[in-house]
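To start, the structure under review is shown below, and the notes come after it.
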Amino acid sequence: MPAKMTEPAAKAELSIPLPDEAATERLGARLGAFLEPGDFIALSGDLGAGKTALARATVRARLGDPEEEVPSPTFTLVQTYEAPDLLITHVDLYRLDRPEDAAELGLGDALDEGALLVEWPDRLGRLPQDRLDISIRLMGEGGAREARLTGHGHWAARLLGLKDE
């Protein structure tokens, strides 16, 4: 009997230049509008690359409040925000040493109830198949950055909607 063939998981990529903070906020606003229950957004990049700034802009946009206090969860590890139609959980795993430590954070329940924005997702070990990876990197002098977005699973089809028009 021949081995069962499976189709490769869907995947799509997009690069978005972020020449300034306003561009990061625009990307966050688009991302905030796209968030749905069950969305897992993996934010990676070096220290100071802009992961928290993007998460902050995403949360503020979804809440509809550009002045909302959105602190970095570096020390608390987890911050939650209740939009009228979605619970958003912002997580920073930088201080975790082992993937097992994340089990105590209840991220599975948070994903069941809403959307997750996860900084330092590599600290989890294994990531969901359906997710959006956003890698932010510095592009030389002046603070310019580039966001590399990779949509996996259902995010592959949704990814083009995040492109700046």
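The values are calculated or read from the model by the stated rules, or taken from the named source; none is laboratory data. Bear in mind the structure is a predicted one, so any value in this text is a computation, not a measurement. Positions of Cβ are generated from backbone atoms using ideal geometry, with glycine treated the same way; all protein chains shown enter the neighbour counts.
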Residue match in the range 127-138 (condition: more than 16 Å from the chain's Cα centre (by Cα), surrounded by fewer than 18 Cβ atoms within 10 Å (Cβ to Cβ) and not in a helix (DSSP H, G or I)): yes
Test set (1) surrounded by 16 or more Cβ atoms within 10 Å (Cβ to Cβ); (2) under 29 Å from Ala157 (Cβ atoms); (3) in contact with a strand residue (DSSP E or B) (Cβ under 9 Å, 6 or more places away or on another chain) - Ala61 fails condition number: (3)
Condition met for His90 (touching a Pro at 6+ places or on another chain (Cβ under 8 Å) and within 21 Å of Ala33 (Cα to Cα)): yes
Some residue of the range 138-155 being touching a Phe, Trp or Tyr at 6+ places or on another chain (Cβ under 6 Å) and either hydrophobic (A, V, I, L, M, F, W, C) or within 14 Å of Leu43 (Cα to Cα) (or both): no
Of all residues in the range 40-76 being charged (D, E, K, R) and touching a Gly at 6+ places or on another chain (Cβ under 8 Å), the one that is nearest to Arg137 (Cα to Cα): Lys51
Residue identified as in a loop (DSSP other than H, G, I, E, B) and among the charged types (D, E, K, R) among Glu82, Glu100, Glu69: Glu69
Flag if Ala115 is modelled with pLDDT of 90 or more, under 22 Å from Gly32 (Cβ atoms), within 16 Å of the chain's Cα centre (by Cα) and among the aliphatic types (A, V, I, L, M): yes
Boolean, Pro99 is in contact with a Leu (Cβ under 7 Å, 6 or more places away or on another chain), modelled with pLDDT of 85 or more and not acidic (Asp, Glu): no
Residue match in the range 140-147 (condition: of a type outside the set (Val, Ile, Thr), within 23 Å of Pro17 (Cα to Cα) and assigned to a loop (DSSP other than H, G, I, E, B)): yes
